[in-house]
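Asker: Next up is a structure, given as structure tokens.
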Amino acid sequence: MTTAKDYIQQAFEAVKARNPHETEFLQAVEELFNTLEPVIEAHPEYITENILARVAEPERIISFRVPWTDKGGKVQVNRGYRVQFNSAVGPYKGGLRFHPTVNQSILKFLGFEQIFKNVLTGLPIGGGKGGSDFDPKGKTDAEIMRFCQSFMTELQKHIGPSLDVPAGDIGVGGREIGYMYGQYKRLRQFDAGVLTGKPLGFGGSLIRPEATGYGLVYFTDNMLQANGKSFKDQTVLISGSGNVAQFAVQKATELGAKVISVSDSNGYIIDETGIDFDLLCDIKNNRRARLTEYAAEKATATYHEGSVWNYEGKADIALPCATQNEIDGSAAARLVKNGVYCVAEGANMPSNLDAIHTYQENGVLYGLAKAANAGGVAVSALEMSQNSLRLSWTAEEVDNRLKDIMANIFNTAKETAEKYNLGKDYLAGANIAAFEQIADAMIAQGLV
Ligand code: NDP
């Protein structure tokens with residue numbers, strides 16, 4: 001009889017053979033599969049149903065040409081994608097990323113993680129992801145609009161409120177969602193539920209912009225409290241300076257922490273007096289400028305080239321909120337050496353497998369992305385509910401629901417880890433709980 005361990009290994013080898021060049025996707029699959037032995041041992045039917053092979057294959061991948069005209073009148077072409085990964089528990093749901101590094105491997109890793117993240121929220125949403133290798137940096141508003149219109153002209157054939165509901169991600173915020181929604185409406189009809197992260201004036205939800213950053217801090221707070229700690233007086237390192245990072249700065253500061261860093265793809269700021277949330281938002285959102293301006297305007301701040309994870313000063317908590325694989329094994333070892341005892345992920349897969357091992361070997365409290373950053377998609381699902389009901393909840397109501405959802409996700413991870421005698425391994429706890437729900441739903445629906 002095949003053991004759970006052998007089955008997992010064989011299944012992973014098969015995924016590798018089928019997707020040999022998709023390194024990010026394989027990394028995400030390996031991270032999940034590595035934690036599943038106890039649950040597969042407890043459910044031999046997962047082996048006979050070959051559930052690992054099924055869950056690692058997207059239901060559908062759409063890839064398409066996106067032609068658009070730049071400000072000089074020159075025709076440009078980008079590639080657009082939508083990965084519709086898994087609809088076992090609801091319509092595909094997941095963001096759109098516009099960044100020059102976007103390729104099929106990155107969107108498959110993001111779509112794969114999204115399946116499990118979404119089911120952890122307890123809301124009926126499946127997993128998907130999409131985007132383009134378009135680089136929004138330095139483009140005019142009119143160029144962004146033309147690109148978004150062209151992108152949506154194709155994407156609209158494949159999405160719908162009960163089929164697939166995209167949202168934002170890196171490079172896609174309220175402005176881009178607005179342009180895409182406008183184009184969707186011209187081609188189809190008014191249907192607020194087809195995209196989330198919409199501006200407030202036409203179906204957006206209060207607290208959606210804040211949700212991923214706030215949710216990350218709520219999750220981390222639950223994890224800290226369960227271990228006799230809190231944010232109060234803790235020194236926090238945050239990477240990134242976009243949507244997730246900004247609201248993580250704001251909420252962690254509100255809970256009594258001192259956030260001393262933010263970063264972008266060129267460098268990072270250290271501000272020992274605490275990052276000034278209003279100044280940061282003004283620079284990034286109104287001026288759409290670089291972080292060097294923050295250091296130029298705030299006397300207590302210094303700007304440094306390179307990754308914030310090279311920082312050598314003391315800190316207690318790290319919240320990576322920029323991008324995948326920003327923390328490798330040596331950066332993780334540096335964090336541990338400098339006193340960091342808690343890492344929780346606002347970005348998707350910011351820690352590589354070596355970094356995760358380093359956290360585990362050193363007893364670092366680790367909040368994996370699938371659990372810790374689920375607040376964004378959770379409030380997106382609440383936006384869908386409000387659109388269906390044709391009403392808007394107050395900020396307080398949405399925020400309270402978000403707090404409950406993040407507390408539930410933490411408790412699910414903790415209780416599942418305890419059930420399988422895995423101590424404080426919240427990574428395994430969250431992965432197992434999410435996988436079990438997806439596997440059971442898929443099996444109950446027959447061979448899907
Ligand atoms: P934004 O586009 O608003 O911000 C991204 C930030 O990360 C910017 O500061 C950007 O710097 C930085 N960054 C991007 N690429 C790199 C890189 N290669 N190296 C270093 N820094 C980089 O995106 P979000 O804040 O929305 O997303 C950040 C992370 O959070 C992503 O991993 C995303 O998948 C994840 N996430 C987002 C959710 C959401 O609701 N928005 C939900 C769940 C997860 P620069 O300006 O120089 O590019």
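The values are calculated or read from the model by the stated rules, or taken from the named source; none is laboratory data. Just so we're clear, the structure is a prediction, and the values are computed from it rather than from any experiment. Don't worry about glycine lacking a Cβ; one is built from the backbone with ideal geometry, like all the others, and counts go over all protein chains shown. With ligands, DNA and RNA removed, areas are computed over all heavy atoms of the protein, side chains included. Shrake-Rupley method; radii C 1.70, N 1.55, O 1.52, S 1.80 Å.
Asker: Go from 0 up to the bin containing the longest alpha carbon distance in the chain, width 10 Å each, and give me the % of pairs per bin.
Answerer: 4, 22, 33, 27, 12, 2, 0
Asker: Which of these, 426, 294, 92, has the largest mean-square fluctuation under a Gaussian network model of the chain (Cα springs below 10 Å)?
Answerer: With Cα springs under 10 Å in the chain, the top fluctuation among 426, 294, 92 is at 294.
Asker: Thinking of the stretch 224-337 as a set of Cα atoms, what percent of all their pairs are more than 25 Å apart?
Answerer: 16
Asker: Ok, one more. Using a simple charge model, +1 on the beta-carbon of Lys and Arg, -1 on the beta-carbon of Asp and Glu, nothing else, what dipole does the chain show about its Cα centre, in debye to the nearest 20?
Answerer: 1420
Asker: A follow-up question, please. Quick one: which residues, 5+ away or cross-chain, put their amide H under 5 Å from the amide H of residue 367? H built at 1.01 Å from N.
Answerer: Hits under the 5 Å cutoff: 343, 344, 345.
Asker: Give me the 1.4 Å probe accessible area per residue for the chain, excluding ligands and nucleic acids, in Å².
Answerer: Result: 39 Å² per residue.
Asker: Quick one: which of 74-85, 316-327 comes out on top by average Cβ neighbours within 10 Å, and what's the full order, highest first?
Answerer: Packing order, densest peptide first, comes out as 316-327, 74-85.
Asker: Between residue 360 and residue 191, what length comes free when the chain is fully extended (0.36 nm per residue of separation minus the Cα-Cα distance, one decimal in nm)?
Answerer: Length difference between fully extended and current span is 56.3 nm.
Asker: Rounding to the nearest 20 debye, state how big the charge dipole of the stretch 81-140 is about its Cα centre with +1 on each Lys and Arg Cβ and -1 on each Asp and Glu Cβ.
Answerer: 80
Asker: Among the listed pairs 137/251; 129/419; 129/251; 284/314, which have their C-alpha atoms separated by more than 29 angstrom in this model?
Answerer: 129/419
Asker: What shape does the stretch 295-357 have by the C-alpha gyration tensor, where a ≥ b ≥ c are the square roots of the eigenvalues, rounded means a/c under 1.5, and otherwise prolate means a/b greater than b/c and oblate the rest?
Answerer: prolate
Asker: Counting only protein heavy atoms and a 1.4 Å probe, tell me what percentage of the stretch 178-319's accessible area is made up of carbon and sulfur.
Answerer: Accessible surface attributable to carbon and sulfur in the stretch 178-319 totals 48 percent.
Asker: Enumerate the calculated ³J(HN,Hα) couplings along the stretch 66-74 in order (Karplus 6.51 cos²θ - 1.76 cosθ + 1.60, θ = phi - 60°), each rounded to whole Hz, writing x wherever the residue is Gly or Pro.
Answerer: Ordered by residue, 3J(HN,Hα) equals 10, x, 7, 10, 7, 5, x, x, 8 Hz.
Asker: First check a/c for the stretch 309-424, with a ≥ b ≥ c the square roots of the eigenvalues of its C-alpha gyration tensor; if it is under 1.5, answer rounded, and if not, answer prolate when a/b is larger than b/c or oblate otherwise.
Answerer: Verdict is prolate for the stretch 309-424.
Asker: Calculate for the chain the 222 nm mean residue ellipticity that helices alone would give, adding -39,500 (n - 2.57) per DSSP H run of length 4 or more and normalising by residue count, nearest 500 deg cm²/dmol.
Answerer: -14500 deg cm²/dmol
Asker: If contacts are Cα pairs under 8 angstrom and at least 6 residues apart, what is the relative contact order of the stretch 262-394 in percent?
Answerer: 19
Asker: Among 90, 142, 330, flag the residue with its Cα farthest along the positive direction of the charge dipole of the chain, charges on Cβ as +1 for Lys/Arg and -1 for Asp/Glu.
Answerer: 142
Asker: Now a separate question. Given labels modelled 7 Å from the Cα in the Cβ direction, how far is it in nm from residue 353 to residue 444?
Answerer: 3.3
Asker: If you average the sequence gap of Cα pairs under 8 Å that are 6 or more apart and divide by the length of the chain, what percent do you get for the contact order?
Answerer: Answer for the chain is 15 percent.
Asker: Once phi is turned into θ = phi - 60°, what whole-Hz ³J(HN,Hα) does the Karplus curve with 6.51, -1.76 and 1.60 give for every residue of the stretch 95-101, x standing for Gly and Pro?
Answerer: x, 10, 10, 10, 7, x, 7
Asker: Turning to a different aspect of this structure: Can you compute the FRET efficiency between residue 300 and residue 278 using 1/(1 + (r/R0)^6), with r the Cβ-Cβ distance and R0 = 22 Å? Round to the nearest 0.05.
Answerer: Approximately 0.90, to the nearest 0.05.
Asker: Based on the mean of other Cβ atoms within 10 Å per residue, sort peptides 217-223, 3-9 so the most packed one is first.
Answerer: Ranking, from highest mean packing down: 217-223, 3-9.
Asker: Please turn the phi angles of the stretch 185-190 into ³J(HN,Hα) values with the Karplus equation 6.51 cos²θ - 1.76 cosθ + 1.60 (θ = phi - 60°), one per residue in order, whole Hz, x for glycine and proline.
Answerer: Rounded to whole hertz, the list is 5, 5, 8, 10, 5, 5.
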